[in-house]
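Student: Take a look at the following structure, please.
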Amino acid sequence: MSETAASQRAQYPLAAYNFRVTVGEAVMSFTEVSGLVQEYQTLTYKHGLSFWEGESISRFRYDRYVQLTLKKGVIAGLTEIYEWLDSGDKPSLSISLCDEEGHAVVTWQIKKALIVKLEAPPLQASGNEAAIETLTLMASGISVEHH
């Protein structure tokens with residue numbers, strides 16, 4: 001008995017290659033995004049009877065800057081990344097994992113992102129690989145939204 005396409009969509013993980021990155025209002029294409037982390041800080045409280053009653057562990061949201069890495073192919077005439085680097089702005093970012101029709105299923109919202117490094121691709125006369133540059137961002141305020 002074969003499964004329907006709808007039941008397969010509900011039971012199988014999404015493909016990681018189908019994603020969309022929006023910087024401010026502009027949609028940009030990247031080959032890889034890594035470093036999306038949403039962290040919680042924990043605090044352990046010990047009192048005089050902790051040996052008997054146990055410790056109390058609390059967690060709270062700790063927004064700190066985390067390092068994001070985005071990789072993008074170098075395309076002639078496409079200067080949005082360089083303008084963003086030179087401006088020093090901290091725009092919001094959204095990274096959406098999409099289904100096969102291009103609709104967002106999960107979106108990671110990033111409140112502030114600042115480019116701290118732009119690494120040029122390795123240039124080799126003997127190779128024929130695509131030129132991929134690497135952007136390193138410091139990002140804060142990451143939240144996850146399921147659609």
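The values are calculated or read from the model by the stated rules, or taken from the named source; none is laboratory data. Here the structure is a predicted model, which means the values were calculated and not measured. Note: ideal-geometry Cβ built from the backbone for every residue, glycine included; neighbour counts use all protein chains shown. All accessible areas refer to the heavy atoms of the entire protein, side chains included, with ligands and DNA or RNA removed. Shrake-Rupley method; radii C 1.70, N 1.55, O 1.52, S 1.80 Å.
Student: List the lysines whose alpha-carbon lies under 25 Å from that of residue 90, not counting same-chain residues fewer than 8 positions away?
Tutor: Candidates past the 8-residue exclusion: 71, 72, 111, 112, 117.
Student: Another question, then. Excluding ligands, DNA and RNA, what is the solvent-accessible area per residue of the chain at a probe of 1.4 Å, expressed in Å²?
Tutor: Numbers: 10160 Å² over 147 residues.
Counting only protein heavy atoms, the per-residue value for the chain is 69 Å².
Student: Under a 5 Å amide H to amide H cut-off, with H placed in plane at 1.01 Å, what residues pair with residue 131 once short-range neighbours are removed?
Tutor: 74
Student: Between residue 140 and residue 79, what FRET efficiency follows from the Cβ-Cβ distance if R0 is 25 Å, with the result rounded to 0.05?
Tutor: Details: r = 26 Å, r/R0 = 1.03.
That pair, residue 140 with residue 79, gives E of 0.45.
Student: Residue 126 accessible area, nearest 10 Å², 1.4 Å probe?
Tutor: 120
Student: Can you send over the carbon and sulfur percentage of the accessible area for the chain, probe radius 1.4 Å, protein chains only? Don't skip to the answer; put the middle values down first.
Tutor: Values: 5310 of 10160 Å².
In the chain, the share of accessible area belonging to carbon and sulfur is 52 percent.
Student: When averaged across all projection directions, what area in nm² does the alpha-carbon convex hull of the chain cover? Let's see the in-between values first.
Tutor: Working: hull surface 64.0 nm².
So the mean shadow area of the Cα hull is 16.0 nm².
Student: Set the Förster distance to 25 Å, then compute FRET efficiency between residue 106 and residue 69 from the Cβ-Cβ distance, nearest 0.05. Let's see the in-between values first.
Tutor: Numbers: r = 19 Å, r/R0 = 0.76.
Once rounded, the FRET efficiency stands at 0.85.
Student: A further question follows. Please give, to one decimal in nm, the separation of the simple spin-label points placed at residue 29 and residue 116, each 7 Å out from Cα toward the Cβ.
Tutor: 3.0
Student: Once phi is turned into ³J(HN,Hα) by the Karplus curve 6.51 cos²θ - 1.76 cosθ + 1.60 with θ = phi - 60°, what whole-Hz value does each residue of the stretch 4-19 show in order, with x for glycine and proline?
Tutor: These are the phi-based 3J(HN,Hα) values: 7, 4, 5, 6, 5, 4, 6, 10, 10, x, 6, 6, 6, 7, 9, 9 Hz.
Student: Rounded to the nearest 10 Å², what accessible area does residue 12 have for a 1.4 Å probe in the complete protein model?
Tutor: Taking all protein chains as shown, residue 12 has close to 130 Å².
Student: Please report the spacing between the Cα centers of the stretch 61-94 and the stretch 11-30 in Å, no decimals.
Tutor: Their Cα centres are 15 Å away from one another.
Student: How large is the helix-only mean residue ellipticity at 222 nm for the chain, computed as the sum of -39500 (n - 2.57) over DSSP H runs with n ≥ 4, divided by its residue count, in deg cm²/dmol to the nearest 500?
Tutor: Numbers: 3 runs with 19 residues, N = 147.
It comes out at -3000 deg cm²/dmol, rounded to the nearest 500.
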